[in-house]
1. Once the dipole of segment 725-857 is set up with Lys and Arg at +1 and Asp and Glu at -1 on Cβ about the Cα centre, which of Q827, A760, P809 lies farthest towards its positive end?
2. Which value, in debye to the nearest 20, describes the size of the charge dipole of segment 700-790 about its Cα centre when Lys and Arg Cβ atoms bear +1, Asp and Glu Cβ atoms bear -1, and nothing else is charged?
3. Distance between the C-alpha centers of segment 704-733 and segment 619-656? Whole Å please.
4. Which entries of K282/K430; K115/K546; K312/K358 show an alpha-carbon separation above 30 angstrom in the structure shown?
5. Could you check the spin-label model distance between N392 and S542? Points 7 Å from the Cα along Cα→Cβ, value in nm.
6. Between the helical axis of 598-622 and the dominant principal axis of the chain, each derived from Cα atoms, what acute angle in degrees is found, rounded to the nearest 10?
7. What is the angle, in °, between the Cα long axis of helix 382-391 and the longest principal axis of the Cα atoms in the chain? Nearest 10 is fine, range 0 to 90.
8. Compute the length gained on full extension between E759 and S671: take 0.36 nm times their separation in residues and subtract their Cα-Cα distance, giving the result in nm to one decimal.
Amino acid sequence: MSKSYDPHAIEARIYETWERAGYFSATGQGAPYCIMIPPPNVTGSLHMGHAFQDTLMDTLTRYHRMQGDNTLWQAGTDHAGIATQMVVERQLEAEGKTRHDLGREEFVKRVWKWKAESGGTITRQLRRMGASLDWSRERFTMDEGLSRAVTEVFVRLHDEGLIYRGQRLVNWDPVLHTAVSDLEVVSEEEAGHLWHIRYPIVGTKEHLVVATTRPETMLGDTAVAVHPEDERYKKFIGKVVELPLTGRKIPVIADDYVDKEFGSGCVKITPAHDFNDYEVGKRHNLPLINIFSIDAHIELSGSPYHGLDRFKARKQLVLDLETQNLLERVQDHKLMVPRGDRTGAVIEPFLTDQWYVKVAPLAAEAIKAVEDGHIKFVPENWTKTYYEWMRNIQDWCISRQIWWGHRIPAWYDENDKFYVGRTEAEVRAKHNLGARVLKQDEDVLDTWFSSALWPFSTLGWPEQTKELKTFYPTSVLVTGFDIIFFWVARMIMMGLKFTGEVPFQQIYITGLIRDAHGQKMSKSKGNILDPIDLIDGIDLESLVRKRTSGLMQPQMAKKIEQATRKEFPQGIPTFGTDALRFTMASLATQGRDIKFDLGRIDGYRNFCNKLWNAARYVLMNTEGQDCGVSAKIELNAADRWIISRLQEVAAEVEMNFRDYRFDLASQAIYSFVWHEYCDWYLELSKVVLTGVDSRPEQLRGTRRTLVQVLETALRLLHPIMPFITEEVWQRIAKLAGKAGATIMREPYPRLDKNLIDTEASEEMRWAMAVITGVRNIRGEMDISPGKPLPLMFQDGFAADKKYLETNRPYLSALARAESITWLDKGQEAPESATALVGHMKVLIPLGSLIDKQAELDRLGKEMEKIEKDLSKAKTKLANADFVARAPKNVVEQEQGRVQQFETALVNLRNQRAKVEALPG
């Protein structure tokens, strides 16, 4: 093996070997175990959230594969309707064209061409992460089979009256000209204004003052609402006001929705352009007046504002209100502004005809499935969130006004009557339409519609395939809490509806990866980390360019550049995939937010190096040597102890994987490999392997233990760190008597109770405690680790004496014992440094440790320095002016220093007295 671990030298080679050999495919043997990857966008690239969740999914997949289960991790990508269409439209824009220049058919062909040429970025990156997805079964939400499933579901739901077409409010992106889901809307606080407008009460000289953040929408007002118990306005309920600038008359209504304390307590009601107002309008049978075009221009024929962009209209409206003395005041106001995540445009609530799923009947069954325990959330507290969402569910808008996606299988005749069917031919035949002209609906389905079918459509539904019968319901879904409603709930509803079974038995909800300070990672904050950069490393200048490219505000770019240079003065070093994966596993607590700190990944890169160096040591001491494969062996207490500990760790890791405690599993493996196997057992083995008195059977026993424990530890670690474990395992497998082709298909370690050895464990705890005690004394007294020291043992029991005799070689070598003396009862010891092991004292005579006069001189100088510092601090505190003027924390800090100096002087005087009492 090379002297140092280089992930670049092994990762690509090993992954290609795995994939080429078909190791990621289900074996067809054992109990079925299946995970569906949340399909990433085909336009996407790997981000930290992907890297986190994919590490956990791959860990589970590799673990169950090694458990002998018939394991499938289903691969695939999402067609990402809006995101993909925007990518291709930007390409066309660079050519001076729009999609309308191409026409729908040619544009869709262009998207497929882009997908074939550039749509594989994220799948290549998943391979870089070591993801053992079954690529031979890779699916795409727009492939032929999944498209057929989508059409089938739409038609069946429509036939049952669960899909309908209706006019309702939607989130409207005026740049994309389509409805978007709540998940595609980002609401952030922005500085705005609150305009207080006078609405004259008809037939009086009085008026109501209405506060609004969107004055342009007043053109669509159909009422003014007050709280029914607001004494200020009770007399106006049922009256009529004149809508400013329009001349229209609208009623004053009473509704509990109004907050008496906000603004004036009067609220304009615009049912066609506000979701809350829409509900108020339904309760009071108010008309809906749509004032916007699809690009958010005013569309009111005959209005002076007709054709104006909404924000230009706002300015003109405010000016006109001022001119007519109808604007009472304007105040600065912070408000949440919804913007499209793709375009950044302010989203408008917009009244439009769309297709909807009537979800209440589906939701009832989905709630029952969780209540009855057919699906379990991990952690369990997410069950409550699920219930709250599902019990307040609204009908689902499933249509989008774009071209890329599953086109809605509905056809319109010349009278705009629509017919739903799997094909146009089926529609014609079913409804006896003959040769009448039909036109297919222009809209496509929401991307989440096809994603909702993912667990069963990818396995071949509507056909009853072998894969569907084997792997459905799937075992576990791993996903973030942010899409429980958008994806998880819909998969449960659709799975129950179309298969009669839940889509998965458990849902493991992960936290969200944030930066080291707990901030959300975003381009605008400049704190995004790219997983591939952590794997490969990136120089500072490239990192700065990456983080600042595309930012529109120079000030923001400059700020991000400065922060990046400060945080990463040398860029990001190469950590390798395994270090990143182990970091992700170690962070997988059951909390809501996860702070990612580069210090952690640096520590786990060191862990890779530690494991690599341990393997080199084992190979150097076992290759070409007799490892007791066929000859008699003898295991000493250290051998039996490390084997026993390995059993306990295997049981602990298995329990933690079962409970989705990846953090505890990784911690247990790390602690065993680093602190017990490397720090202790390898050092203990050197005593045997280099001992002149070691017998052949003892040598064979230690060599065999070295190899077998390392080989087993590699299998324990493999699901989390696949690359380094495969590379090392290939070197030592034969020495451990293994004949398999890959560690991936080897059995996962399990507890063997017969190998638990409490006696050996007790003995080695004693030996390690003695050695640690001696090392601690060396550290406290600044004694060189290599200096031999005399050891004395006092007040020990018979068991201590027995352990002392059997472990003399270890104490001599690892504690660097010059001599070892057992003091009988009543036998006095010289003045000594002491470590306790149970009741027994481990003594190192102080005379052997120090030069008496030199130590007295050193102590004298140290005391003199502290006395000067103490005097200065006391003088400062005696100064009344200082105490009166200095901040309270500064005075308290100085008082603390006095206490520290006084305590240090007491300790030094005691130490000096002990040294003075030494002979010589």
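The values are calculated or read from the model by the stated rules, or taken from the named source; none is laboratory data. Note that the structure is a prediction, hence the values are computed from the model and not measured. Heads up, the Cβs are rebuilt from the backbone with ideal geometry, glycines too, and the neighbour counts pull from every protein chain shown. Just so you know, the surface numbers come from the protein's heavy atoms only, side chains and all, with ligands and any DNA or RNA stripped out. Shrake-Rupley method; radii C 1.70, N 1.55, O 1.52, S 1.80 Å.
1. A760
2. Details: 14 positive and 11 negative charges, 75 e Å.
In debye, rounded to 20, segment 700-790 gives about 360.
3. Computed from Cα coordinates, the inter-centre distance equals 12 Å.
4. Details: K282/K430 37 Å; K115/K546 24 Å; K312/K358 38 Å.
Those over the limit are K282/K430; K312/K358.
5. According to this spin-label approximation, the distance is 4.7 nm.
6. Between the helix axis and the principal axis of the chain, the angle is about 40 degrees.
7. Tilt relative to the chain: about 10 degrees.
8. On the way: separation 88, 0.36 × 88 = 31.68 nm, distance 2.16 nm.
Here the answer is 29.5 nm.
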